[in-house]
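The values are calculated or read from the model by the stated rules, or taken from the named source; none is laboratory data. Keep in mind that what you see is a predicted model, and the values were worked out from it rather than measured. FYI the Cβ positions are ideal-geometry reconstructions off the backbone, even for glycines, and counts take in every protein chain you see.
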Amino acid sequence: VAPAVTEVLDVLVVGAGFAGLYQLENLRSRGYSVKVVEAGEGLGGIWHWNRYPGARVDSEGPIYQFTRPDLWDEFAFAELYPGGDELRRYFKYVDAKLDMSKDIYYNTRVASAEFDETANTWTVTAENGGTFVCKYFVLCTGFAAKPIFPKLAGMDSFAGISHHTGLWPEGGIDFAGKRIAIIGTGASGVQVAQEASKEAAQLTIFQRTPVQALPMRQRQLTDEDNAKIKSDLADRFSRRSASFSGFDFDFIPKSALQVSDEERTTTYERLWEYGFEFWLGTYQDVFVDDEANDTAYEFWRDRTRARIKDPVIAEKLAPMKKAYPFGVKRPSLEQTYYDIFNQDNVRLVDLHEDPIETITPTGLKTTSEEHEFDIIVYATGFDAVTGGLTAIDIRGTDGALLRDKWSNGVRANLGVATAGFPNLLFLYGPLSPSGFCNGPSCAEIQGDLIVDTIDYMRDNGLNRIESEADADAAWSDHVAELTAEALYDKADSWYMGANVPGKPRQLLNYPGGLPLYLAKWDETVCAGYKGFTLS
Ligand code: NA7
């Protein structure tokens, strides 16, 4: 419950996912007064909300956790790719071990925040009336805090059950024997489709753009497996900050075009036996050079098509000519996704051929057909990366709202701060490596930079840190230059802000990789926080 009287703090953190919890534990252990406010009624961030059937992390569990040895030493994942229930068990374990909840206000969604120029503090108000005054306002809202629905006529008229995957009811929904529609084929759509196909009388999947899903090499972990995993873990963690994406593997420092066909095929076959290695452990020019990209696409396409019996469906799911470059929209990991289309109870509707015209009381109508459903699942994604920040009325020094300031595109110095909003720091957010980064890795690695900055301020008797407009622009230009050298802009993805009508088109994540990001950060700090005004 939010405080009845205004609580005065050194730091207020928003969000109790990996990033917010890391901030909490590190800041309070260094003597700061700090609290977390969290909209949900439990910790875990995205894993608190993502309760749809089949929700599962698509990074390997052992590398997808906090690196504190006293935490990983005593926790064993039951599966290599843990599901939502197991991840919630993990967060409960972390809570019990570190007593997180005593410093978290649950069911507390931040509505607004205003900077006080005289006191150099933020006054933050929650929807439930709680107010906080803090010196530093640290936003850890994650990349998927704001679910989006398609704008379809008649949505309120549907008489059956409908939910967005990111707002799934806690008690669940029974799929057995039901006629189910899934709109959207990103990671959430793939996962919920796999589950629904097992029980539904009829499952119809509405696809706008084909996902490029890679095989999830799921397996149960025995005690022996876990012992082996633990013996390797410290070494694996130590490699994260040296890799592009915060994993314990990295791109192959060669061009896909400079090796023989035989060597490339052998390499792709090896990578195919893992999950994201085929994406983020591939040849270094796959996301830069279209011809190199073709080699990865063609391998993926041929492996995928081989699993689909109907050639018409195969062409829709894995077209001969790529719909967009391989890997520049986020791939997901799948277990049975491409097999379920061979089942009699599963249908695919291509929305480019037959768009949805309206939702009806009994289902939905496409241009050519009336469909009846008991359940409609909106797996339509999020106002990604910026949505959690712009949902809050954040007013900076000139009274302007952050969302207005970014209405023509994000400007953010090193992806952590923006001019006009002193002492406001965000992590795992826009123009930072987040979208290409293993979540817990970036929560910790970028999280350390935030904690170190707050320490620097305290140690030097400083009260106010503000990014400079020129530095914001320079960082945004740097991101744009890296984007122009790569293939990301050739797809309409949430990375590009292109999944939300009217959102400015720009790559919302830092495409230079963690090592370059950290080098840029070091340059800034070594130059006395160049590009920030400290006072
Ligand atoms: P995603 O990856 O954004 O996927 C959303 C899906 O919904 C995607 O296939 C979209 O098609 C589709 N979509 C979105 N709006 C519409 C409308 N209006 N009509 C039809 N189809 C639509 O979200 P997820 O929840 O699956 O995954 C989010 C992240 O979580 C994922 O990237 C991982 O990091 C984990 P589109 O491709 O835009 O044509």
Only one of (1) aliphatic (A, V, I, L, M); (2) in contact with a helix residue (DSSP H, G or I) (Cβ under 7 Å, 6 or more places away or on another chain); (3) closer than 30 Å to Cys437 by Cα; (4) within 16 Å of the ligand (Cβ to nearest atom) does not apply to Leu348, and that is (3)
Just name the residue that is nearest to Pro150 (Cα to Cα) out of those in segment 475-523 that are in a helix (DSSP H, G or I) and within 17 Å of the chain's Cα centre (by Cα). Tyr488
What number of residues within segment 92-149 are under 24 Å from Ala400 (Cα atoms) and touching a His at 6+ places or on another chain (Cβ under 8 Å)? 0
I want to confirm something. Restricting to segment 302-324 and keeping residues that are farther than 21 Å from Glu353 by Cα and in a loop (DSSP other than H, G, I, E, B), which single residue is nearest to the ligand (Cβ to nearest atom)? Arg307
Is there a residue being within 16 Å of the ligand (Cβ to nearest atom), of a type in the set (Gly, Ala, Ser) and over 22 Å from Leu482 (Cα atoms) anywhere in segment 244-254? no
State the number of residues belonging to segment 467-515 that are within 13 Å of the ligand (Cβ to nearest atom), in contact (Cβ under 8 Å) with a residue 60 or more places away in the chain and not acidic (Asp, Glu). 11
Meets criteria (at pLDDT 95 or above, over 24 Å from Phe18 (Cβ atoms) and aromatic (Phe, Trp, Tyr)) for Tyr488: yes
Being over 16 Å from Thr336 (Cα atoms), surrounded by 16 or more Cβ atoms within 10 Å (Cβ to Cβ) and of a type outside the set (Val, Ile, Thr) narrows it down to one residue among Asp290, Asp294; which is it? Asp294
Checked segment 368-418 for anything touching a residue at least 60 places away in the same chain (Cβ under 8 Å), within 25 Å of Asp156 (Cα to Cα), more than 19 Å from the chain's Cα centre (by Cα) and in a strand (DSSP E or B); matches are His371, Glu372, Ile375, Ile376, Val377
Could you grab the pairs with beta carbons closer than 6 Å, sequence gap of 6+ or different chains, first residue in segment 272-295 and in contact (Cβ under 8 Å) with a residue 40 or more places away in the chain, second one β-branched (Val, Ile, Thr)? Asn293/Val286
Only one residue in Glu353, Glu298, Glu263 is without any contact (Cβ under 8 Å) to a residue 24 or more places away in the chain and closer than 26 Å to Gly381 by Cβ, so which one is that? Glu353
Filtered residue count, segment 403-434, keeping only those that are among the polar types (S, T, N, Q) and modelled with pLDDT under 95: 1
Residues of segment 50-71 satisfying the condition of being among the hydroxyl-bearing types (Ser, Thr, Tyr) and closer than 18 Å to Leu333 by Cα: Tyr52, Ser59, Tyr64
Name the pairs: first residue in segment 130-155 and within 15 Å of the ligand (Cβ to nearest atom), second residue of a type outside the set (Val, Ile, Thr) and at pLDDT below 95, Cβ to Cβ under 7 Å, at least 6 apart or on different chains? Gly142/Tyr428; Phe143/Tyr428; Phe143/Ser434; Phe143/Gly435
Across segment 166-216, what is the number of residues that are part of a loop (DSSP other than H, G, I, E, B) and either within 11 Å of the ligand (Cβ to nearest atom) or surrounded by 15 or more Cβ atoms within 10 Å (Cβ to Cβ) (or both)? 15
Checking the conditions here, which among Ala16, Ala39, Ala2 is under 17 Å from the mean Cα position of the chain (by Cα) and of a type in the set (A, V, I, L, M)? Ala16
Across segment 349-408, what is the total count of residues that are farther than 30 Å from Leu425 by Cβ and not small (Gly, Ala, Ser)? 29
Looking at Arg330 and the list (1) under 25 Å from Leu280 (Cα atoms); (2) more than 16 Å from the ligand (Cβ to nearest atom); (3) not polar (S, T, N, Q), which single condition is not satisfied? (2)
